[in-house]
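Heads up, the thing below is written out as structure tokens.
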Amino acid sequence: MKAIAALALTLVGTSSAVAQPQSSPRATAAAPTAPPSRAETEASIRRSAEQWAAGDAAAMRLFLAEDYVGVASTGEVRNKARQLELAAQPSPFSASRVDYVNFTHHGPLVIAQGAETLTPADGGPDRKLVWTDTWLYRNGRWQVVASQDSVRPPEGHGDERAAIVALRADHNRAIAAGDVEGFLRIAADDYVAIFGGGRIIRSKDELRRIWSEAPQRCTRTPRRIEIGTVDERVRAAETGEWRCDGPADGTYNGSYFAHWSKTNGGWRVVSDTYVSLQLREPEAR
């Protein structure tokens, strides 16, 4: 666990400062600025990912939003001040490499999903992370408002993937049946979550209370499940789509990232991050 702790001290997500557009001297303070083009934005975020992987605290100070929330691979929830504090500490890694970054554009919001490889300075085996960063264009600049990362699993583990898919199916059935305890069965005791609107859920008990008071008809559909072992701990990164239907307030949907950990009790979800991408109003009768 010491290696994972060291890893968590240097990274929560894996992106870095996006180049900010220069405002025209003739522009008025109230005039809104349009986001850079997709090509410019993606090139900037790729460069930023390399800076963040390298632990560039000065760059992070520029692009992290004041209301930033990040979930580390250990499940710790961090704000901007905490992330900058950790980034300023000496890094245990001698080199870093961003392996890929994929982008999903939604107007002034960009979801960057990527992976990186870190080489420990002590000569140990490389560490691999998979991460999701949410970028929002506001006040004339791109800022990271939320991030989540997990140990990047290697290929294989077909049986473990099948087990997680089955647990997710049971999870969806429990929600449809209004079975709160069945819905909570996959949540770890130290579970945390970031809901689509930015609300942070800090415990399994808090999640139980929310769903008991306001049940929702929701489903999660996994699109990718990666599994690996680091320091004898088996973990999984699940990405997919979620949807919640409400009779009065319409249909919400978006993307999610789930961090799973396998213990003697089986697979449990350590943390979830949900991003709301669309609201469809209820149909008029």
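For Thr117 paired with Asp231, estimate the spin-label separation in nm (one decimal), with each label point 7 Å from Cα along the Cα-to-Cβ line.
2.2
List, largest first, the extents of the alpha carbons of the range 26-120 along their principal axes, each in whole Å.
So the three principal-axis extents are 47, 27, 26 Å.
Can you give the extra length, in nm with one decimal, that the chain gains between Ala88 and Arg38 once fully stretched, where that is 0.36 nm per residue apart less the Cα-Cα distance?
Taking Ala88 through Arg38 to full extension adds about 14.9 nm, to one decimal.
For Lys80, which aspartates and glutamates qualify as cross-link partners when the Cα separation must be under 20 Å and same-chain residues fewer than eight apart are set aside?
Glu50, Asp56, Glu66, Asp67, Asp133, Asp149, Asp272
On full extension of the chain, what length is gained from Ser276 through Ala166, given 0.36 nm per residue of separation minus the C-alpha to C-alpha distance?
This chain segment gains 37.1 nm when fully extended.
Can you work out ³J(HN,Hα) from phi for every residue in the range 226-241, in order, using Karplus 6.51 cos²θ - 1.76 cosθ + 1.60 and θ = phi - 60°, giving whole Hz and x for Gly and Pro?
For the range 226-241, the Karplus curve yields 10, 9, x, 10, 10, 6, 6, 10, 8, 10, 9, 10, 10, 10, x, 10 Hz.
Of Glu160, Glu40, which has the most accessible area with a 1.4 Å probe, and how do the rest follow in descending order?
Glu40, Glu160
Project the alpha carbons of the range 81-154 onto their principal axes and report the range along each, largest first, in whole Å.
Cα spread of the range 81-154 along its principal axes, largest to smallest: 43, 30, 16 Å.
What are the radius of gyration and Dmax of the range 133-215, computed over its Cα atoms and given in Å?
For the range 133-215, the Cα radius of gyration and maximum Cα-Cα distance read 16.4, 47 Å.
The values are calculated or read from the model by the stated rules, or taken from the named source; none is laboratory data. Because the structure is a prediction, the values reported are computed rather than measured. With ideal geometry, Cβ positions are generated from the backbone for all residues, glycine too; neighbour counts draw on all protein chains shown. Note: areas computed on protein heavy atoms with side chains; ligands, DNA, RNA excluded. Shrake-Rupley method; radii C 1.70, N 1.55, O 1.52, S 1.80 Å.
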